[in-house]
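Since the structure comes first, as structure tokens, the remarks are kept for the end.
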Amino acid sequence: MAKLVHREEMAQGTIILNEIEAPRISKKARPGQFVILQADETGERIPLTMADTNPEKGTITIIYMVVGKSTAAFKDLKVGDEYYALIGPLGAPTHIEKVGKVVCVGGGTGIAVLHPITRALKEAGNEVTTILGARSYDLLIMEEKMRAASTNFHICTDDGSEGHHGFVTDVLKDVLEKDDIDMVVAIGPIPMMKFCSLITKEKDVKTLVSLNPIMVDGTGMCGCCRVTVGGDTKFACVDGPEFDGHKVDFDELAKRLASYLEDEKASMDAYNNCKVQ
């Protein structure tokens, strides 16, 4: 069991931060890796990429959006309560090295996933430009931590409530036009990652994305998290979760995720008609 030591409600209470006692995981975890949590004995196993680790305190931090029964059960946990199960670190860590100029693009809860990667890239000596997007400013998370992890910083909001009035792809295009960028990391909703990858492919700029397919065991045994990358089948839990954005079949990924939702047609229509956030 893993004790909840700090809890914070973010973005109108729909996004929740949990700091969890996990000394062995906090010492071994690297940016880009994830854990699987279970709220109670009958609960669903949920994979979440770590937003932060603190080896000195022996804790890890996860950030999630309440979207269904299982994440609602997570939200009900109070400080001092314990998760029934916690396993990790899982997945391949981000390869961190000095490459030069890097752009990190994040949207929604993907910003939490992006945070340790952005920080590590800056600590490795890279010039890091961060672009964060949200529907409105009150839904943006981790602004101060992401500012601290960045050399240059941009905010985009759909409604114009803060920063650029528009999408992260607008600013990404502008940055790529004005500067020679060595790598882009894009993490967020599937449409956002897809269109960021299409833009960077035109410029031949290496692009990493972090995928979020349905996952059960997290060890490559069940096959639920399979994705197509460069025409080959990969398992996100052991081969990823990060992949070359230019090679990912985002349409197939979106369709597989939609098949688990109540109204598959409505979900796919929303994806196909989505403007980039």
Which of the residues spanning region 212-254 are within 16 Å of the chain's Cα centre (by Cα), more than 25 Å from Ile87 (Cα to Cα) and among the charged types (D, E, K, R)? Asp244
Answer residue from region 149-182, given it is in contact with a helix residue (DSSP H, G or I) (Cβ under 8 Å, 6 or more places away or on another chain) and among the aliphatic types (A, V, I, L, M) and is farthest from Ser197 (Cα to Cα) among those: Ala149
Look at region 33-85 and say how many of its residues are assigned to a loop (DSSP other than H, G, I, E, B), modelled with pLDDT of 90 or more and not acidic (Asp, Glu). 12
Residue list for region 2-21, restricted to those being under 19 Å from His115 (Cα atoms) and either aromatic (Phe, Trp, Tyr) or more than 19 Å from the chain's Cα centre (by Cα) (or both): His6, Arg7
Do we find that His95 is closer than 23 Å to Arg30 by Cβ, of a type outside the set (Gly, Ala, Ser) and free of Cβ contacts under 8 Å to residues at least 12 places away in the same chain in this structure? yes
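Name the single residue, out of those in region 124-141 being charged (D, E, K, R) and within 20 Å of the chain's Cα centre (by Cα), that is nearest to Gly108 (Cα to Cα). Please lay out each step first, then the result.
At the first step, the residues of region 124-141 found to be charged (D, E, K, R) are 127, 135, 138.
Add one more test, that the residue is within 20 Å of the chain's Cα centre (by Cα), and what stays is 135, 138.
On the way: Arg135: 9, Asp138: 11 Å.
By that ranking, first place goes to Arg135.
Restricting to region 142-172, count the residues that are surrounded by fewer than 20 Cβ atoms within 10 Å (Cβ to Cβ) and under 21 Å from the mean Cα position of the chain (by Cα). Before you say what the answer is, go through the steps one by one.
Taking region 142-172 first, the residues surrounded by fewer than 20 Cβ atoms within 10 Å (Cβ to Cβ) are 143-145, 147-148, 151-153, 158-166, 170.
Right, trim to under 21 Å from the mean Cα position of the chain (by Cα) and you get 143-145, 147-148, 151-153, 158, 166, 170.
So the answer is 11.
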Extreme residue, nearest to Gly106 (Cα to Cα), among residues of region 1-55 that are crowded, with 16+ Cβ neighbours inside 10 Å, among the acidic types (Asp, Glu) and in contact with a Leu (Cβ under 9 Å, 6 or more places away or on another chain): Glu19
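The values are calculated or read from the model by the stated rules, or taken from the named source; none is laboratory data. Keep in mind that what you see is a predicted model, and the values were worked out from it rather than measured. In this analysis, Cβ positions are derived from the backbone assuming ideal geometry, glycine residues included, and neighbour counts consider all displayed protein chains.
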